[in-house]
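To keep things clear, I will list the structure first and then write my remarks on it.
The values are calculated or read from the model by the stated rules, or taken from the named source; none is laboratory data. Predicted model only: the values in this text are computed from it and were never measured. Heads up, the Cβs are rebuilt from the backbone with ideal geometry, glycines too, and the neighbour counts pull from every protein chain shown. We work out accessible area using only protein heavy atoms, side chains counted, and drop any ligands, DNA or RNA first. Shrake-Rupley method; radii C 1.70, N 1.55, O 1.52, S 1.80 Å.
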Amino acid sequence: ENNNAVLPPTPYVISTIQSAPGPCQMKSQKGDVLELEYEAQYLAKGQKVVYDASSFRGTGQPYQMVLGSGDMIPGVDQGLVNMCPGEVRRLQIPPSLAYGPRARALFRIPEEFQGLEWTVKLVSIDGTIKADNNNLTRQERASS
């Protein structure tokens with residue numbers, strides 16, 4: 001039996017594990033500044049290992065990124081579109097939508113990893129739209 005068999009890569013799956021608690025008139029789109037709480041794990045040899053998390057950054061604040069800017073790996077960027085503040089998603093990301101070899105060294109992710117699993121909570125859009133005040137659409141906000 002070959003223990004070094006390369007396991008197939010994870011398929012790309014986006015799932016909502018917790019819906020926004022209130023109304024969601026405005027969802028994330030490219031160009032929005034998002035505030036996130038996240039935990040990132042890699043999957044290798046049947047084990048999940050946490051390699052990064054917003055809480056590791058030590059700021060006590062959510063992580064900020066611009067959606068679609070390339071700040072994040074493609075699997076995360078694509079997985080956070082049309083998301084509501086307060087929503088929590090699980091992103092299962094294949095190696096092809098993850099980091100190149102350089103970042104593998106950065107995070108000590110093994111060569112033979114099958115994929116990543118990110119759990120992400122969207123805290124706010126543009127710093128102001130949160131779960132408790134998301135009752136106006138973009139159009140209504142723009143015209144008020």
- Task: State all residues of the stretch 11-35 that are in contact with a Pro (Cβ under 9 Å, 6 or more places away or on another chain) and loosely packed, with under 13 Cβ neighbours inside 10 Å; if no residue qualifies, say none.
- Result: P11
- Note on the structure: The residue from I129, I109, I93, I125 that alone is at pLDDT 95 or above and either over 21 Å from D32 (Cα atoms) or in contact with a His (Cβ under 6 Å, 6 or more places away or on another chain) (or both) is I93
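Counting residues that are over 15 Å from the mean Cα position of the chain (by Cα), which strands (runs of 3 or more DSSP E) fully inside the stretch 1-104 reach at least 2? Show your work before the answer.
Working: elements: 13-18, 33-44, 47-53, 63-66, 88-93.
Output list reads 33-44, 47-53.
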- Please find, among Y99, Y38, Y51, the residue that is buried (at least 20 other Cβ atoms within 10 Å of the Cβ) and of a type in the set (S, T, Y). Y38
- Filtered residue count, the stretch 105-144, keeping only those that are farther than 26 Å from S19 by Cβ and in a helix (DSSP H, G or I): 4
- Message: For the structure I just gave you, tell me whether A44 is surrounded by 15 or more Cβ atoms within 10 Å (Cβ to Cβ) and in contact with an Asp or Glu (Cβ under 7 Å, 6 or more places away or on another chain).
- Response: yes
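Sort out which residues of the stretch 104-131 are open to solvent by less than 20 Å² (accessible area, probe 1.4 Å) and either farther than 24 Å from L7 by Cα or of a type in the set (A, V, I, L, M) (or both), and write them in order of number. Can you show your working first?
As a first pass, look at the stretch 104-131 and keep what is open to solvent by less than 20 Å² (accessible area, probe 1.4 Å): 109, 113, 115-116, 118, 120, 122, 124-125, 129.
Across the stretch 104-131, the qualifying residues are I109, L116, V120, L122, S124, I125, I129.
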